[in-house]
Amino acid sequence: MSAIQLAFLLALTGTFAAVTWFAVVVVRGAARSDGGAHPSWALVRRLGRSPDERAELNRWAFYLHRLTGMAIFGFLCLHIVDVSAYTVSPSTYDDLHELYGTAPMRLFESSLLFAILFHTLNGLRILAVDVGDLGQVPAQRLLVGVVAVTVLAGAAGTALIMAPVLT
Amino acid sequence: MTSLGDPVRPRHREGVRHAAAPPSGARRARVATYLTVRLTGLILAVLVLGHFALTHFITDVADADAAFIARRWGSALWLAWDGTMLTAALAHGAAGVWIAIEDYTADPVRRRRVLAVLVAGTALLLALGWITLAVAILD
């Protein structure tokens, strides 16, 4: 492994750590505003309620939106730096870019795809809610659509991304 | 301006500014942030998904090497695509993180410091990205 590849992997690990720390901040904020120190138990109890009472799904979407946003922003920062290796020399870039084709990085790229899909579709949903002045029921129906398309398109994309290292 | 996607704002929760509406300067800033996030988000929905599809589905990621970049950046269209994407993505991300910092950092001194780091870091990355594109154009 070359020095630049090692530097990239260290930076990626640092990004992971920062995003994980941010996730803790978001979850603790959620626990505060959702009442109580045990959001997991509260969630389990709420899942038994009727769908009409589950307006909080919009809130879970908000937390997930925030988390995927931070994760994508973290990768964006790293990606701007790694593409700038092209300015040093094309071969420096190629050296660094070899990592992107490895199986673990492809797995990371697949999860990045899921994050981008959810963040994009949910962002468009929020825009539709604001512009169309939608109420909670249509907003929640749209959310089901957002999750469904994220899972289906994400799975299809993952198959395409992973195929070269699986066959 | 608060939408369904926006739960209880911590500022209200902690009762700091419960009754009074924010001053008009702060409100203008919030409207500007809101519009920045929505407009760049709309642009990025096309540019980022297109970029991901190009570098992972249309071309396999292992083949998206320096030669691939050289070919792409030989065209003004792709330079415009990447330049717009770079600027819009950083503006969108920084505006989003700005909102998150305002939500989670109660201490005003600390908040100002963290926001300054965000702005400086974003400006640095924007400069680095545009230098990368400029070098490719000049070559």
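Overview of results
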read-out: Count of the range A:153-167 residues which are closer than 16 Å to A:GLU109 by Cα and more than 11 Å from chain B (Cβ to nearest Cβ); value: 3
read-out: Answer residue from the range B:61-76, given it is in a loop (DSSP other than H, G, I, E, B) and of a type in the set (Gly, Ala, Ser) and is farthest from the other protein chains (Cβ to nearest Cβ) among those; value: B:SER75
read-out: Verdict on A:ARG141 being at pLDDT 95 or above and more than 16 Å from A:ALA71 (Cα to Cα); value: no
read-out: Filter pass, B:ALA106 being exposed (fewer than 15 other Cβ atoms within 10 Å of the Cβ), of a type in the set (A, V, I, L, M, F, W, C), within 30 Å of A:ALA31 (Cβ to Cβ) and in contact (Cβ under 8 Å) with a residue 24 or more places away in the chain; value: yes
read-out: Residues (under 24 Å from B:ALA89 (Cα atoms) and either surrounded by 20 or more Cβ atoms within 10 Å (Cβ to Cβ) or out of contact with any helix residue (DSSP H, G or I) (no Cβ under 7 Å at 6 or more places or on another chain) (or both)) located in the range A:84-98; value: A:ALA85, A:TYR86, A:VAL88, A:TYR93, A:LEU96, A:HIS97
read-out: Total residues in the range A:75-107, condition under 15 Å from the mean Cα position of the chain (by Cα) and free of Cβ contacts under 8 Å to residues at least 12 places away in the same chain; value: 1
read-out: Candidate set from the range A:128-148 (those that are touching a helix residue (DSSP H, G or I) at 6+ places or on another chain (Cβ under 6 Å) and without any contact (Cβ under 8 Å) to a residue 60 or more places away in the chain); member that is farthest from the other protein chains (Cβ to nearest Cβ); value: A:LEU142
read-out: All positions within the range A:58-74 that are more than 7 Å from chain B (Cβ to nearest Cβ) and over 10 Å from the mean Cα position of the chain (by Cα); value: A:TRP60, A:TYR63, A:GLY74
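Residue-wise test of (1) out of contact with any strand residue (DSSP E or B) (no Cβ under 7 Å at 6 or more places or on another chain); (2) in contact (Cβ under 8 Å) with a residue 40 or more places away in the chain; (3) part of a helix (DSSP H, G or I); (4) within 11 Å of chain A (Cβ to nearest Cβ).
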{"site": "B:ALA53", "(1), (2), (3), (4)": "yes, no, yes, yes"}
{"site": "B:PHE57", "(1), (2), (3), (4)": "yes, no, yes, yes"}
{"site": "B:TRP78", "(1), (2), (3), (4)": "yes, no, yes, no"}
{"site": "B:LEU86", "(1), (2), (3), (4)": "yes, yes, yes, yes"}
{"site": "B:HIS92", "(1), (2), (3), (4)": "yes, yes, yes, yes"}
{"site": "B:ARG111", "(1), (2), (3), (4)": "yes, no, yes, no"}
{"site": "B:VAL114", "(1), (2), (3), (4)": "yes, no, yes, no"}
{"site": "B:LEU118", "(1), (2), (3), (4)": "yes, no, yes, yes"}
{"site": "B:ALA123", "(1), (2), (3), (4)": "yes, no, yes, no"}
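The values are calculated or read from the model by the stated rules, or taken from the named source; none is laboratory data. On a predicted model such as this, the values are computed, not experimentally measured, just so you know. Cβ: placed from backbone, ideal geometry, glycine included. Neighbour counts: every protein chain shown.
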